Amino acid sequence: PASRCIDPVSAATLTVKFATPVAAAASSVELSSNGLSACFLGTAQAAAKSDVAVALGNDSFYYFEATRSQLAGVALGISASAETVPPTGGFVPRADTLVVSGEELLTTDAAGALVSNPAGSGSVFGFAVDLRSGYPVVSVIAPASVKPSACTGLAGSAPCVVLRWQSAAPAAALSIYAWGSGDGTNGPRVSINTGS
């Protein structure tokens, strides 16, 4: 059958893609033919992660963009320890995880308490990931119009750092993650662009 998860963007030859889902996630997540989109079609929440992780190192500064097709039912971001099959009760951020979910940027602090910051209602977010030290620093970038309160002096589609976050837990490597669920036939999509 034809794929229900169609990505209009051509795959670059050296780009990072979503890894093929395994186990329970495989029945809920469908990847586009080029691996740059994950579609969450099943009713159970599941996840997809990148096939390459950013490793701790002197040159480990990377940028990627992620686009979500809708606000509800999907989350996207980075993590060192998240699983592709969330625990019962759904995805809960960890101290080494930062995700955009709905209109919020979610993580936890060192004590495990949930931390929420406004993200705005945008569909495209950039992630500048700095893993040159053991505690990653991530800058989340969005158009100024998505979160005007964080983007003083900027307007419209001008890029703006809406949050700068340092992980509350050490990490040796970070992966791109997307989580979501659908109605069994249709559901939200997350597409990634890491360049080469």
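The values are calculated or read from the model by the stated rules, or taken from the named source; none is laboratory data. Given the structure is predicted, the values throughout are model-derived calculations rather than measurements. Every residue, glycine among them, receives a Cβ derived from its backbone with ideal geometry; neighbour counts consider all protein chains shown. Note: areas computed on protein heavy atoms with side chains; ligands, DNA, RNA excluded. Shrake-Rupley method; radii C 1.70, N 1.55, O 1.52, S 1.80 Å.
Are any of the residues in the range 180-188 crowded, with 17+ Cβ neighbours inside 10 Å, outside any loop (DSSP other than H, G, I, E, B) and within 17 Å of the chain's Cα centre (by Cα)?
Yes, the range 180-188 contains at least one residue that is crowded, with 17+ Cβ neighbours inside 10 Å, outside any loop (DSSP other than H, G, I, E, B) and within 17 Å of the chain's Cα centre (by Cα).
Restrict the check to the range 147-157 and report whether at least one residue is under 17 Å from the mean Cα position of the chain (by Cα) and farther than 11 Å from V100 by Cβ.
No: zero hits.
Scan the range 1-28 and report the pairs whose first residue is exposed (fewer than 13 other Cβ atoms within 10 Å of the Cβ) and whose second residue is at pLDDT below 80, with Cβ atoms within less than 8 Å and a gap of 6+ or a chain change.
T13/S196; L14/S196; T20/A26; V22/T84; A23/T84; A23/V85
Going through the range 59-72 one residue at a time, which ones are within 13 Å of the chain's Cα centre (by Cα) and of a type in the set (G, A, S)?
Once the filter is applied, which keeps residues that are within 13 Å of the chain's Cα centre (by Cα) and of a type in the set (G, A, S), the range 59-72 yields A66, S69.
Go through (1) at pLDDT below 90; (2) within 20 Å of K49 (Cβ to Cβ) one by one and return the number of the condition V124 breaks.
That leaves (1) as the condition not met.
Quick check, is E30 of a type outside the set (S, T, Y) and in contact with a Leu (Cβ under 6 Å, 6 or more places away or on another chain)?
Answer is yes for this residue.
With the requirement that a residue be open to solvent by 10 Å² or more (accessible area, probe 1.4 Å), assigned to a strand (DSSP E or B) and either without any contact (Cβ under 8 Å) to a residue 60 or more places away in the chain or over 27 Å from S60 (Cβ atoms) (or both), what does the range 102-150 give you?
The answer is E104, L106, L114, V115, S116, N117, P118, V124, V137, S139, I141, P143.
For S157, all conditions in the list (1) of a type in the set (G, A, S); (2) assigned to a loop (DSSP other than H, G, I, E, B); (3) touching a strand residue (DSSP E or B) at 6+ places or on another chain (Cβ under 7 Å); (4) touching a residue at least 40 places away in the same chain (Cβ under 8 Å) hold save one; what is the number of the exception?
It is condition (4) that S157 fails.
Residues being more than 17 Å from G126 (Cα to Cα), among the hydroxyl-bearing types (S, T, Y) and not in a loop (DSSP other than H, G, I, E, B): count how many of those fall in the range 14-71.
Of the residues in the range 14-71, 1 are more than 17 Å from G126 (Cα to Cα), among the hydroxyl-bearing types (S, T, Y) and not in a loop (DSSP other than H, G, I, E, B).
Could we say that L56 is more than 17 Å from the chain's Cα centre (by Cα), of a type in the set (A, V, I, L, M), surrounded by 14 or more Cβ atoms within 10 Å (Cβ to Cβ) and modelled with pLDDT of 90 or more here?
It is true that L56 is more than 17 Å from the chain's Cα centre (by Cα), of a type in the set (A, V, I, L, M), surrounded by 14 or more Cβ atoms within 10 Å (Cβ to Cβ) and modelled with pLDDT of 90 or more.
Kindly indicate whether any position in the range 32-53 is modelled with pLDDT under 90, more than 20 Å from R4 (Cα to Cα) and in contact with a Phe, Trp or Tyr (Cβ under 7 Å, 6 or more places away or on another chain).
The answer is no; no qualifying residue exists.
Kindly indicate the residue of the range 74-89 that is within 23 Å of A173 (Cα to Cα) and assigned to a loop (DSSP other than H, G, I, E, B) and also modelled with the lowest pLDDT among those meeting that condition.
Filtering the range 74-89 for residues that are within 23 Å of A173 (Cα to Cα) and assigned to a loop (DSSP other than H, G, I, E, B), the one modelled with the lowest pLDDT comes out as P87.
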